[in-house]
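Notes for the one structure printed next.
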Amino acid sequence: MAFYAIQFLNGLSLAMLLFLISSGLSVIFGMMRIVNLAHGSFYLLGGYIGLTVLSWLGNFWLAILAAAIVVGLFGIVLQRTLLRRVSDNELGQVLMTFGILLIVADLALWIWGGLPQTLSKPSWLNGSFRYAGLVFPKYRVAMILLGLVVAVLIWLVIERTRIGAIIRAGVDDSEMVRGIGIDIRKAFLLVFGAGAALAGVAGVLGGAMLGVYPGVDFDVLLQAFAVVVVGGLGSLRGAFVGSLLIGFSDTLGKVWFTDFALFTIFVPMVIMLVIRPEGLFGRE
Amino acid sequence: MSKKSAYTQRAWLAPAATVLLFAIIAVAGWLSPSYTTGLLIDCLIFSIFALGLNLLLGYTGLPSLGHAAYFGVGAYTAGLMMLHVTPSFWWCALAAIGVSLAFGALYGLLSLRTSGVFFLIITLALGQITWAIAFSWRSLTGGDDGLRGIGRPDLGLGLSLQSNNDYFLFALLALALTLFVVRLIVRSPFGAALRGDSQNPERLAALGYNVWLCRFLSFVISAGISGFAGVIFVFYKGFVSPEAVGIVISAEVMLMVIIGGAGTLLGPILGAFVVVYLGHSVSSHTDRWMTILGVLYVAVVLFAPHGIVRAIGNKLAIRKSS
Amino acid sequence: MSSHAIQVENIVKQFGGLRAVDDVSLSVPVGERHVLLGPNGAGKTTLFSMIGGQQKPTSGRVTLLGRDATRLNAHQRTHLGLGRTFQITSLFQDITVEENLQLAVMAVSRSRFNMLRSVESFAGMMDRVDELLETWRFGADRRLPVKELSYGDQRKLELAMAVANQPKILLLDEPTSGLSTAETASVVELIRGLPRSVTVLLVEHDMDVAFEVADRFTILHNGKLIMSGTESEVRGSRHIQEIYFGDSA
C-alpha cells in the first residue's frame, strides 16, 4: 500500500513536470505547426543555468527566475532569427532544430561536464510529510501543487485574456488570424518565449528532483512529444490529461518493466498516431 | 530522329562519369594507408544507407526520422547469423535484408496511416522503440554492450575479406550494385510514379495509381537497402551496439541525403562522403564535432536546402542557356 | 439502371454543422453531356469530388456504370473508366510535359509498378505519348517543365491527360475558367467532338459554354438540388432566374 502511494505521488509529480514542459510544446505545435526537436534543450539549459545560479547565489527562487528569463529569451531569439525562416517546411524545421539540439547539448557538455548533477532543494522543502504511516516527500508534494497552480494560471490566461483569445484563434486557424490583421508574429514570439521559459523552469524544478545530465534533453523531448501526441495538438486540456497518462505510464512502467520502461511511452504514442493522430483532445 | 539521338547522347555521359569516379575511388582507396581506406569504407557504407533513405525521402517525399532502425536491424541480424549460424556472407545478407524488409513492412503499415508532421513523429517513435528493443533485449542483442567479435564473412569464392583493402573493394562493389539497382528503380515506371507522388499525390491517384501502395513499396525497399548497408557495416566493424539504431544515426543519414541533394542519384553518395569525412577530420582536432555537426544542420537548411548536386546542376544549366 | 453512367442517390456531405451537399439525387445516362450549375458555395465541387472519389459521402450512394462506387478510392474509379480535371490546375509541376503524359498513359497499364525497366523502353506507351503530344500540339514544349507553361497550356495539358486513356466518364471541373475566347472555343469543340459513348459531367460558370455543350442541366443551391432539366426548362424557370440574377449569394 505504502509502495503504491509513493508511486502514485511519483507519477503525479512527474505528470506535473511533464505538463510544465509540454503545455508550451502543445500550444506552439498547435498554433505554429512547428516541430521543435530542441524543446528538450530548453529544459536542459534551464536546469544547468539553475545549477550555476544556485551555486553562486544559493537562492532557489533566483535560480528559477534566471532560468525562465535566459531560456525564454533564448527561445525568442531562436524563433526570430532561425525558426521563422522555415515556417512551412517541416523537414527544414526538423533538421534545423535537431542541429540546435546538438549544439546546445555539446556546449552544455563542454561547460558543465558530463557527470549527472542534482540541484539542491530549498531547505524548507527537504524531508517528508508523514501521514497515516505513509511518507510523502515535501518536494514532490510542492511540485504537484505548483503544477496545478500553473495549470490554472495558464488556463486563465488562455481563456480570459485578449492574448489568450488570439492564441486560441491562432490554434484554430492561424491564416484567418493573419487575415484579420492581428500581428500574429508578435503573438508567436510571445508564445514561443513563454513555452521555452516554462520548459526552462521545469528544468530547474525537475533538476532538483531527477537531476540534470547529458541526454536529459532528448529524454524529455520524447516524453513531451508523447504527451502532445496522446493529448492532442494545441489543447491545454490535452496536455494536462496527456501528462497524467504519460507520467503514470512512465512511472509504473519503470516499476513493472524496468528493462522495457521506454515502451510504456512509445507504444501509446504509436497507437494514438495510428488510430487518432490528432490525439484525445486535438482538433482537425 | 533527332529526339532519339539526343537521348542516347545524354544517356551515356552520366554513367560513364560515374564509372570513372568509381575507378578513381578504387585506385585511391587501394593505394592509401589503412586508416584512409577504413575511412573510405565508412563513406561507402553510409553512401548505401543514404541511397536507401533517398528513395523514400528524396524521390517519394516522405521524411523518415527513424531509418537507423532498418540499418541497425540489418546489422544485428547479420551479426547474429555470423555468430550463431553461418559465416557465409550470402546467407547472412539474405537473412539481414529479409528482416529489414519485414520491419520495413510492419513500420510502413503503421507509419503510412499518417502524413506530414505526424509521419515524421511516428517514424521517430518507431525508431526509438527499435532502439529500446536493441537496448533491453540483453539475451539476444547483448543490450548496451551489443554484439562483439564478429568476423569477416566468407564469400565462398576463395576470396578473403580480411584486409582493409580487400574489404574496401568489396564495399565499393556493394555500393556499385546498390547504385545500379536504385538507378533502375528510379528510371522505371514505378520510379516515375514516386516522383509524381512527391509533387501531386491527388493528381496521381486521379490518374489511376494506388498511391498508398507506391508509398508502401518505396518504404519497404528503402528499408531493405538500409538493412543491406547495415550488413556491410557490421562485417567491417566487427561489432554493433544500440548506437547504430539511434536517433543520431537517423539524423546523420538524413543530413547526408539533404546535403548531397535529395532526389538525385549521386547526391546521397556525395553527402555521405562529406559528412563522414568531415566527422573524422574534425574529431581529430577537437572534441566539439557535435557542435559543428549541429551548425552544419542549421547551415544546410538555411543555405543549401536542395543540396550540393542541385546547386552545381543549376549552375551548369544557367551557363548552358546563356 | 444499367443505361446510366452516373447515378447519385440521396447523397449528403456534412462538415460539422454544415451540409455542403444535402440529399442530392442525380442520374446521368450514358453519352449525355450534363452540366452542374449553381452559384459559388452551392456544393458543386463537393458533389463532384464525391463522384470522382476525392471525398467520401457522409451518406448516400454513388453508382458508376452500374457498379456501386461509394466506397471506392479515386484510383479505383479511374480503372472503372473515370477521367477528371480539377478546378485548380492539378499537374506535376516540376517535371516535363512529356513526363506528365507518360504518367497518364502508364497509370492504366499493368506495367505501372515495373521497377526494372526504364520508362523509355516501353515502346508502345512511348508511341502513345508521342501521339498525344502531336494531337494536342505540345510537340515544341515536350521537354518544358510544366511550371513554365502558360496557364492556358496547363489547362490544355490537364484535359489531354484526362482523355489520354479514353475514359468512359469524363468529369470536368470548370474547364474553361481563365481561358481566352479562342482557348474556350477549342475546349468546347473538343467536348462536342467526343464520341457519344463517353459521358461528360461538367461544372461550368460560363453560361454560354454551358448552353452550347449541355444536353441537360442540374442546378444546385446551398447544397440542395433545385432542378434538373433541359435548356428550355432551365431558361424558362423563374426560380433559376432569381438564383442567378436576383438574390444570388
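Just so you know, all these numbers are worked out from the coordinates, no wet-lab data involved. Note that this is a predicted model, so its numbers are computed, not measured. Every residue, glycine as well, gets a Cβ built from its backbone with ideal geometry; the counts of neighbours run over all protein chains shown.
Could you state the angle between the C-alpha long axis of helix C:97-106 and the longest principal axis of the C-alpha atoms of chain C, as a value from 0 to 90 degrees rounded to the nearest 10?
Its long axis makes an angle of about 80 degrees.
Springs between alpha-carbon atoms under 10 Å, Gaussian network over chain B: tell me which of B:Ile25, B:Ile258, B:Ile122 tops the mean-square fluctuations.
Largest GNM mean-square fluctuation: B:Ile25.
Considering only the other residues whose Cβ falls under 15 Å of the Cβ of A:Asn10, what net charge follows from Lys and Arg at +1 and Asp and Glu at -1?
With Lys, Arg at +1 and Asp, Glu at -1, the net is +2.
Pick from B:Tyr107, B:Tyr167, B:Tyr35 the residue whose mean-square fluctuation is largest in a GNM of chain B, springs joining Cα atoms under 10 Å.
Per the Cα network of chain B with a 10 Å cutoff, B:Tyr35 tops the list.
Between segment B:43-103 and segment C:1-37, what's the alpha-carbon centroid distance in Å?
50 Å
Over chain A, how many percent of alpha carbon pairs lie in each 5 Å bin up to the one with the longest distance?
Using 5 Å bins, I get a P(r) of 1, 6, 12, 17, 19, 17, 13, 8, 4, 2, 1, 0, 0 for chain A.
Which residue, A:Val204, A:Val152, A:Val230, tops the fluctuation ranking in a GNM of chain A built on C-alpha contacts under 10 Å?
Looking only at A:Val204, A:Val152, A:Val230, the largest GNM fluctuation is found for A:Val152.
Helix A:216-231 versus the longest principal axis of chain A: what is the Cα-based angle in degrees, 0 to 90, to the nearest 10?
Tilt relative to chain A: about 70 degrees.
Taking the alpha-carbon centroid of each part, what is the distance from segment B:264-287 to segment C:197-219 in angstrom?
Segment B:264-287 and segment C:197-219 have Cα centres separated by 60 Å.
Please list, short to long, the whole-number percent of alpha-carbon pairs of chain B in consecutive 20 angstrom bins beginning at zero.
The percentages, shortest bin first, are 31, 59, 10, 0.
Kirkwood Rh and Cα-based Rg: tell me the resulting Rg over Rh for chain C, rounded to two decimals.
0.98
Whole Å is fine, so just give me how far the alpha carbon centre of segment C:67-125 lies from that of segment A:57-119.
Spelled out, the Cα-based centre of one part sits 48 Å from the other.
Order C:162-175, A:19-32, A:57-70, C:110-123 from most to least packed using the mean count of other Cβ atoms within 10 Å.
Going from most to least packed, we get A:19-32, C:162-175, A:57-70, C:110-123.
Cβ under 12 Å from C:Gly81's Cβ, C:Gly81 left aside: what net charge do those residues give with Lys, Arg +1 and Asp, Glu -1?
Value of the local net charge: +4.
With runs of 4+ DSSP H residues as the only contributors, calculate the mean residue ellipticity of the protein assembly as shown at 222 nm using -39,500 (n - 2.57) per run, divided by the residue total and rounded to the nearest 500.
Values: 35 runs with 537 residues, N = 855.
Using -39500 (n - 2.57) per qualifying helix, the result is -20500 deg cm²/dmol.
Inside 10 Å of the C-beta atoms of C:89-96, what's the mean count of C-beta atoms belonging to other chains?
Details: counts 1, 5, 4, 10, 3, 6, 5, 0.
Mean shielding count: 4.
For the protein assembly as shown, what is the per residue volume of the convex hull drawn over the alpha-carbon atoms, in cubic angstrom?
In the protein assembly as shown, the Cα convex hull volume per residue is 204 Å³.
Could you work out the relative contact order of chain B? I mean the mean sequence separation of Cα pairs under 8 Å and 6+ apart, divided by the number of residues, in percent.
32 percent
Could you tell me which of the pairs A:Lys121/A:Lys186; C:Lys44/C:Lys168; C:Lys147/C:Lys168; C:Lys168/C:Lys224; A:Lys186/C:Lys56 are separated by over 32 angstrom between their Cα atoms in the structure shown?
Values: A:Lys121/A:Lys186 36 Å; C:Lys44/C:Lys168 21 Å; C:Lys147/C:Lys168 29 Å; C:Lys168/C:Lys224 27 Å; A:Lys186/C:Lys56 40 Å.
Correct reply: A:Lys121/A:Lys186; A:Lys186/C:Lys56.
Counting Lys and Arg as +1 and Asp and Glu as -1, what is the net charge of the other residues whose Cβ lies under 14 Å from the Cβ of A:Phe98?
-4
Could you work out the relative contact order of chain C? I mean the mean sequence separation of Cα pairs under 8 Å and 6+ apart, divided by the number of residues, in percent.
29 percent
When you look at the Cβ of every residue in C:40-46, what mean number of other chain Cβ atoms sits within 10 Å?
Mean partner-chain Cβ count within 10 Å for C:40-46: 0.
Applying a 10 Å radius around every beta-carbon, put B:131-137, C:7-13 in order of their mean neighbour count, most first.
My ranking of the peptides, most packed first, is B:131-137, C:7-13.
State whether segment B:68-109 is rounded, prolate or oblate according to the following rule on the C-alpha gyration tensor (a ≥ b ≥ c being the square roots of its eigenvalues): a/c under 1.5 gives rounded; otherwise a/b larger than b/c gives prolate, and the remaining case gives oblate. Can you show the working numbers first?
Values: a/c = 3.09, a/b = 2.17, b/c = 1.42.
Here segment B:68-109 falls in the prolate category.
Among B:293-299, C:205-211, how do they line up from the highest to the lowest mean number of other beta-carbon atoms within 10 Å?
Listed from highest to lowest mean packing, they are B:293-299, C:205-211.
Working from Cα positions, state the angle (0 to 90°, nearest 10) between the long axis of helix C:151-163 and the longest principal axis of chain C.
Between the helix axis and the principal axis of chain C, the angle is about 90 degrees.
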